[in-house]
1. Testing residue A:38 on (1) away from DNA strand C (no atom under 13 Å from the Cβ); (2) part of a helix (DSSP H, G or I), one condition comes back false. Which one is that?
2. Within the stretch B:41-55, is even one residue in contact (Cβ under 8 Å) with a residue 40 or more places away in the chain and surrounded by fewer than 17 Cβ atoms within 10 Å (Cβ to Cβ)?
3. Of these, B:56, B:65, B:110, which one is closer than 30 Å to residue B:184 by Cα, within 15 Å of the chain's Cα centre (by Cα) and away from DNA strand C (no atom under 16 Å from the Cβ)?
4. Regarding the stretch A:110-131, can at least one residue be identified that is buried (at least 17 other Cβ atoms within 10 Å of the Cβ), at pLDDT 95 or above, touching a helix residue (DSSP H, G or I) at 6+ places or on another chain (Cβ under 8 Å) and under 16 Å from residue B:155 (Cβ atoms)?
5. If I ask for residues that are within 10 Å of another protein chain (Cβ to nearest Cβ) and touching a residue at least 40 places away in the same chain (Cβ under 8 Å), which ones from the stretch B:138-159 would you list?
6. Any residue in the stretch B:14-34 that is more than 14 Å from every other protein chain (Cβ to nearest Cβ) and farther than 15 Å from residue A:109 by Cα sitting within a Cβ distance under 8 Å of a residue that is within 13 Å of DNA strand D (Cβ to nearest atom) and part of a loop (DSSP other than H, G, I, E, B)? List the pairs, counting only those 6 or more apart or interchain.
DNA sequence: GTCTATACCGAGATAGAC
DNA sequence: GTCTATCTCGGTATAGAC
């Protein structure tokens with residue numbers, strides 16, 4: 001039996017993550033989130049003093065999700081397979097990506113434009129992901145160029161999400177992830 | 001001697017483009033734009049009935065800028081050189097890109113999240129750019145895979161802008177554009 | 001065409017009863 | 001801890017004098 005407090009709080013976060021992903025952080029109102037989570041507006045402020053605190057929670061939630069994914073990928077037998085799993089994940093989510101862009105990329109972009117403390121927080125999402133990819137290339141034996149290769153791979157994944165989102169076309173993701181899987185296969 | 005109307009209107013657009021690029025479209029208020037352009041708030045509504053109309057003008061302005069750039073690149077002697085000029089342009093703007101992301105990409109992302117008519121308008125930016133790149137690959141003699149190659153190149157450029165913006169690091173752009181120039185060199 | 005004053009509304013945030 | 005009512009402010013947009 002979960003605690004009531006935790007329950008409502010996490011329900012708010014889940015709802016906020018979902019709604020802000022679809023419509024943007026600033027354009028999504030606290031009232032929107034509260035309503036969707038079936039919680040009266042005033043009560044939201046019991047869990048979060050300001051809207052920016054909700055933003056913080058959203059970033060942290062995305063970080064958790066990212067780490068969960070990484071743990072899944074880490075199950076694979078070789079670093080090459082781990083990279084393939086990461087790319088495959090992008091492929092599987094192509095419809096979502098075409099509708100709302102990359103959850104990490106679009107969130108970072110928006111928060112960076114705003115500036116302030118949230119921007120710094122969001123940076124962690126990319127450093128985390130880039131670091132993990134770099135680790136894989138190093139483990140493959142490409143320690144000398146691991147950073148370059150990681151940048152190359154993550155750029156392609158991020159970029160194709162931007163294109164797919166901008167044009168509403170998931171096929172672009174399919175096309176590009178297929179190529180990237182072949183590319184990783186060469187290592 | 002330019003007409004007063006056109007003068008003020010274009011001053012508003014220029015200012016709007018600059019401010020919204022740095023801080024985002026929705027978070028930039030009409031008052032912000034008016035003040036920066038030295039025009040009283042009320043007067044803005046003589047030129048634009050709604051804020052969304054300003055958004056429309058911003059997209060159109062970006063389209064114009066894009067076409068101007070393409071015309072410059074078209075001056076080059078070969079399609080390969082034209083692609084190199086496009087990549088070089090990204091490299092030269094790396095500091096700007098690290099601070100505010102790609103003007104086209106970030107604008108598209110934000111407007112897509114909002115949905116509505118502006119989202120559709122913004123799509124043109126990508127189709128235009130992707131089409132131009134595709135043309136170059138076709139001219140090189142890669143008509144069979146021109147679309148794939150164009151997606152690959154534009155994805156990398158867009159993606160590295162996202163990464164550079166997210167981490168505030170222009171070096172990523174330098175690293176990736178260098179690689180891309182070498183890559184294009186192979187064709 | 002230009003500008004001032006202002007209406008209006010929705011957002012974030014607070015007070016305080018229960 | 002929970003919820004209702006409300007405050008306040010800043011934003012878009014309008015009215016109307018000049």
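1. (2)
2. yes
3. On the way: B:56 fails: closer than 30 Å to residue B:184 by Cα; B:110 fails: closer than 30 Å to residue B:184 by Cα.
After applying the criteria, what remains is B:65.
4. no
5. Selection gives B:153, B:157, B:158.
6. From residues that are more than 14 Å from every other protein chain (Cβ to nearest Cβ) and farther than 15 Å from residue A:109 by Cα, the pairs are B:16/B:28; B:34/B:40.
To keep it simple, each residue is scored yes or no on (1) within 13 Å of DNA strand C (Cβ to nearest atom); (2) within 22 Å of residue A:27 (Cβ to Cβ); (3) assigned by TED's automatic domain parsing to the domain that holds residue B:123.
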| residue | (1), (2), (3) |
| --- | --- |
| B:9 | yes, no, no |
| B:13 | no, no, no |
| B:30 | yes, yes, no |
| B:44 | yes, yes, no |
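The values are calculated or read from the model by the stated rules, or taken from the named source; none is laboratory data. Only a predicted model underlies this, so the values are computations on that prediction, with no experimental measurement involved. Don't worry about glycine lacking a Cβ; one is built from the backbone with ideal geometry, like all the others, and counts go over all protein chains shown.
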